Amino acid sequence: TFGGKDTGASASAPVRLVTRFVPDEHKPFTRLPDETNFLRYALKKGLEQQAELGVNSFQYGVIGSTDTHIAAPGLVAEQGFPGHGGAGIAAGEGVPEGLVDDLEYGPGGLAVLYAEENSRDALFAAMQRREAYATSGTRPQLRFFGGWDYDDKLCESPDLVSQGYAAGVPMGGALAPLPERGTLPRFIVQATQDPGTKSNPGTPLQRIQIIKGWYRNGSLHERVLDIAGGDNNASVNINTCERSGEGHQQLCRVWQDNDFQPSDQAFYYVRLLENPSCRWSQYSCIQAGVSCEDPSSMLPGLEGCCAAEHKPVIQERAWSSPIWYIPGQ
């Protein structure tokens, strides 16, 4: 669940289907995800462990990855997706006609690291300090810092990144000890749209959310907060995959947690959402000339284009590694 194309906007309205395979028949069936299927559930259980055992075994960073079998890591564009290879179908006599993959599969995600240089040692060091973020397959740029004394106008500063490091910690880190009672944590989030290519332009950004989880008096809590951008009525024409509506090339916000309690363990991570766009299967259906109103256009192997479980539209996104607050540390 953590690495898939999660289209749920909040914990109260999960819409992604989780696929399970029946061992005897190898046929998939779907159900709505449980609370335990979400990344933030594991992060909250880590806070509980910290309180009860003094250690957090779920203090992890976040990456996304592909799960294809075609030796092409990073080939994650929805348009032109060649299939992940296999899909449970033998291809000894060539790839079967129709959709290149089963509907529950997708191109996969990407892992992004912030390292001093492109070397083995630097990349492994970035992973060890969890300075990493995941995307569902597109390439937006995302920065996330946490501290106690960031200026409200830092988004206007050309040295935002250096100030982010100097006065706080990046994604994957833990906030420095509370400097004095009454101080509130502040976070910088900066995101830039994936520029895409000339033939396949990137999709504008819709909004930035911060997901907060905290442990208080033996209970676990969470909130999903819109902090920049918002619902903008953007849409996509499923007959052409042409996108419409406003969006943002860049979003930035210095956000303060006014509900912070210094005795609560907590984590914060960013979810960045793009405007809606077509899923790989819809691109394939359009290219094949399928019209669900005209059964004669549905060639063998393309029945999934008009199946009830086919979701033609997705919202690509990115997730940062969390920043933790641990009282007394």
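The values are calculated or read from the model by the stated rules, or taken from the named source; none is laboratory data. None of these values were measured; they are calculated from a predicted model. Counting neighbours? That spans all protein chains shown, and the Cβs are built from the backbone with ideal geometry, glycine included. Note: areas computed on protein heavy atoms with side chains; ligands, DNA, RNA excluded. Shrake-Rupley method; radii C 1.70, N 1.55, O 1.52, S 1.80 Å.
Couple of notes before you dig in:
- Our coupling estimate for segment 281-296, obtained by passing each phi through the Karplus curve with A = 6.51, B = -1.76, C = 1.60 and θ = phi - 60°, is 5, 5, 4, 5, 5, 5, 4, 7, x, 6, 10, 5, 7, 10, x, 5 Hz, Gly and Pro reported as x.
- Hull volume in cubic angstrom per residue (convex hull over the Cα atoms of segment 181-315): 141 Å³
- With DNA, RNA and ligands ignored, accessible area of Arg139 (1.4 Å probe; Å², nearest 10): 130 Å²
- Normalised Debye scattering of the chain at q = 0.08 Å⁻¹ gives log10 I(q)/I(0) of -0.42, counting only Cα atoms as equal scatterers and leaving out solvent.
- If you take all other residues with their beta carbon under 14 Å from the beta carbon of Ala51, and give Lys and Arg +1 and Asp and Glu -1, the sum is 0.
- Given +1 at the Cβ of Lys and Arg, -1 at the Cβ of Asp and Glu and no other charges, the dipole of the chain around its Cα centre is 640 debye to the nearest 20.
- The distance from the alpha carbon centre of segment 272-315 to that of segment 134-160 is 36 Å, rounded to a whole number.
- Hz values of 3J(HN,Hα) by residue in segment 121-138 - Karplus curve (6.51, -1.76, 1.60), Gly and Pro given as x: 4, 5, 5, 5, 5, 4, 5, 5, 8, 6, 7, 8, 9, 10, 10, 7, x, 8
- The eigenvalues of the Cα gyration tensor, multiplied by 5 and square-rooted, give segment 41-183 an equivalent ellipsoid with semi-axes of 39, 20, 14 Å from largest to smallest.
- Neighbour net charge for Arg223 - beta-carbon separation under 13 angstrom, K R +1, D E -1: 0
- By a 1.4 Å probe calculation restricted to protein chains, Val161 has an accessible surface near 50 Å², given to the nearest 10.
- Dividing the summed helix terms, -39500 (n - 2.57) for each DSSP H run of n ≥ 4, by the number of residues in the chain produces a 222 nm estimate of -3500 deg cm²/dmol to the nearest 500.
- Summed over all non-identical Cα pairs, the Kirkwood treatment of segment 254-329 gives a radius of 16.5 Å.
- Label-point separation in nm, His221 to Asp152, each point 7 Å along Cα→Cβ: 2.5 nm
- Histogrammed with a bin width of 5 Å, the alpha carbon distances of segment 104-161 distribute as 4, 15, 18, 18, 19, 15, 7, 3, 2, 0 percent, first bin at zero.
- Computed on the chain, with alpha-carbon pairs under 8 angstrom and 6+ residues apart, the relative contact order is 20 percent.
- Projected label points at Gln141 and Lys198, each 7 Å from Cα along the beta carbon direction, are separated by 2.2 nanometres.
- Ile70 accessible area, assembled protein chains, probe 1.4 Å, Å²: 70 Å²
- Relative contact order of segment 85-221, pairs being alpha-carbon contacts under 8 Å that are 6 or more residues apart, as %: 20 percent
- Ranking of Lys45, Lys311, Lys212 by solvent-accessible surface, largest first: Lys311, Lys45, Lys212 (1.4 Å probe, protein heavy atoms only, all chains present).
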